[in-house]
Amino acid sequence: MPPIRRLAAILAADVAGYSRLMGADEEGTLAQLKALRRELADPKIKEHRGRIVKTTGDGLLIEFASVVDAVRCAVEVQREMAERNTDAPPDRRIEFRMGINLGDIIKDGRDIYGDGVNVAARLEALAEPGGICVSRVVRDQVRDKLAFIFEDMGEQQVKNIARPVRVHRVLFGERLSSAAPATVSSPTPALALPDKPSIAVLPFANMSSDPEQEFFADGIAEDVITALSHYPSLFVIARNSSFTYKGRPVDVKTVGRELGASPPSPASASGRSRWRRAARRQVAERRSPRCCRPS
């Protein structure tokens, strides 16, 4: 029987400086943690329809059916924790670090496994005490549903994950004042359009199951960008800008506004035909040996 798979939002949490806290006062720290679970964490998880998968000393692994519920739960817990720590000495504060990911998981009894779980644990390790880090897919799913701001931390290479993970830090409460305005994922103002037609070539999607074709698809897009840049009557958006949308569901009008590209217009039958011929020519050239490409 094949394993049971499903899509889920995974929240991983642990206590920052747990070993230090336990070394200073084992019984007091344990009593505080139990009280926090009983009075705050467990009720919030239940309120937002989460399921505690397992606990590991200072850590929690929680599964949510909704990524919106997962982010709401995390923010509410962290806000309440910050209030509780207001009068506590800095070296005695219990502060959670949290990571949230949305991904495919394998269910085995009450436990869950898979890259979706592993990425959540790595995101948690990147979070600061009292903070929340989420993957790009989480940010994309909740950014228009929740009134939080997400600070882009860039791509992070994390342990035992093959590809870099795009990480965003959730800003809420007092954390908003410490955010760098240039890196916050708030709505991007429209760029001024140049005085000539402008065009952005977005990365092509790899429709095959072969990951090796990813480089081929990127190469086609790069060739189109290069070919268009030879026309002085066009303003061509740089590859580094347009490729930031790679792997993301995008709205063409939004991309045009953010990159300063001209609004899209319907292509005529003859225009579409010219593009098809150009694309076929690019494919033929890429599949030909380099020494035999026409100049």
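For the stretch 127-136, taking the residues that are within 13 Å of the chain's Cα centre (by Cα) and touching a residue at least 40 places away in the same chain (Cβ under 8 Å), the one that is nearest to LEU171 (Cα to Cα) is identified as ILE132.
So is ALA13 in contact with a strand residue (DSSP E or B) (Cβ under 6 Å, 6 or more places away or on another chain), closer than 29 Å to ARG143 by Cα and not charged (D, E, K, R) or not? It would help to see each step written out before you state the result.
Working: in contact with a strand residue (DSSP E or B) (Cβ under 6 Å, 6 or more places away or on another chain): yes; closer than 29 Å to ARG143 by Cα: yes; not charged (D, E, K, R): yes.
For ALA13, the condition - in contact with a strand residue (DSSP E or B) (Cβ under 6 Å, 6 or more places away or on another chain), closer than 29 Å to ARG143 by Cα and not charged (D, E, K, R) - is met.
Restricting attention to the stretch 159-186, report how many residues are hydrophobic (A, V, I, L, M, F, W, C) and either part of a loop (DSSP other than H, G, I, E, B) or at pLDDT below 55 (or both). Don't jump to the end; show me each part of the working.
Here is the first cut: in the stretch 159-186, the residues hydrophobic (A, V, I, L, M, F, W, C) are 161-162, 165, 167, 170-172, 176, 179-180, 182, 184.
Restricting the remaining residues to those that are either part of a loop (DSSP other than H, G, I, E, B) or at pLDDT below 55 (or both) gives 161-162, 172, 176, 179-180, 182, 184.
Here the count works out to 8.
Just for the stretch 187-204: of the residues that are surrounded by 15 or more Cβ atoms within 10 Å (Cβ to Cβ) and out of contact with any Leu (no Cβ under 9 Å at 6 or more places or on another chain), which one is modelled with the lowest pLDDT? Step by step, filter the stretch 187-204, then rank; the result is LEU193. Return yes when LEU123 is under 25 Å from the mean Cα position of the chain (by Cα) and either on the phi > 0 side of the Ramachandran plot or crowded, with 22+ Cβ neighbours inside 10 Å (or both) and no when it is not. Against the criterion (under 25 Å from the mean Cα position of the chain (by Cα) and either on the phi > 0 side of the Ramachandran plot or crowded, with 22+ Cβ neighbours inside 10 Å (or both)), LEU123 qualifies. A search for C-beta distances below 9 Å between a residue of the stretch 146-158 that is closer than 18 Å to ARG72 by Cβ and any residue that is of a type in the set (S, T, N, Q), counting only pairs 6+ apart in sequence or on different chains, returns ILE149/SER185; ILE149/SER186; PHE150/SER185; PHE150/SER186.
Sort out which residues of the stretch 132-162 are surrounded by 16 or more Cβ atoms within 10 Å (Cβ to Cβ), among the acidic types (Asp, Glu) and farther than 16 Å from GLY103 by Cα, and write them in order of number. GLU151, ASP152 - these are the residues of the stretch 132-162 that are surrounded by 16 or more Cβ atoms within 10 Å (Cβ to Cβ), among the acidic types (Asp, Glu) and farther than 16 Å from GLY103 by Cα. Residue pairs whose Cβ atoms lie under 6 Å apart, separated by 6 or more positions or on different chains, with the first residue in the stretch 87-111 and assigned by TED's automatic domain parsing to the domain that holds VAL68 and the second charged (D, E, K, R) and assigned to a strand (DSSP E or B), are ARG97/ASP14; ASP104/ARG5; ILE106/ARG5.
Can you find a residue in the stretch 211-227 that is of a type in the set (Gly, Ala, Ser), over 30 Å from ARG79 (Cα atoms), outside the structural domain of LEU102 (by TED's automatic domain parsing) and modelled with pLDDT under 70? Explain how you work it out, then say what you get.
Step one: list which residues in the stretch 211-227 are of a type in the set (Gly, Ala, Ser), which gives 217, 219, 221, 227.
Those left that are additionally over 30 Å from ARG79 (Cα atoms): 217, 219, 221, 227.
Next cut, outside the structural domain of LEU102 (by TED's automatic domain parsing) only: 217, 219, 221, 227.
Checking which are modelled with pLDDT under 70 leaves us with none.
No.
The values are calculated or read from the model by the stated rules, or taken from the named source; none is laboratory data. Computed from a prediction, not measured in an experiment: that's the story for all the values here. Every residue, glycine among them, receives a Cβ derived from its backbone with ideal geometry; neighbour counts consider all protein chains shown.
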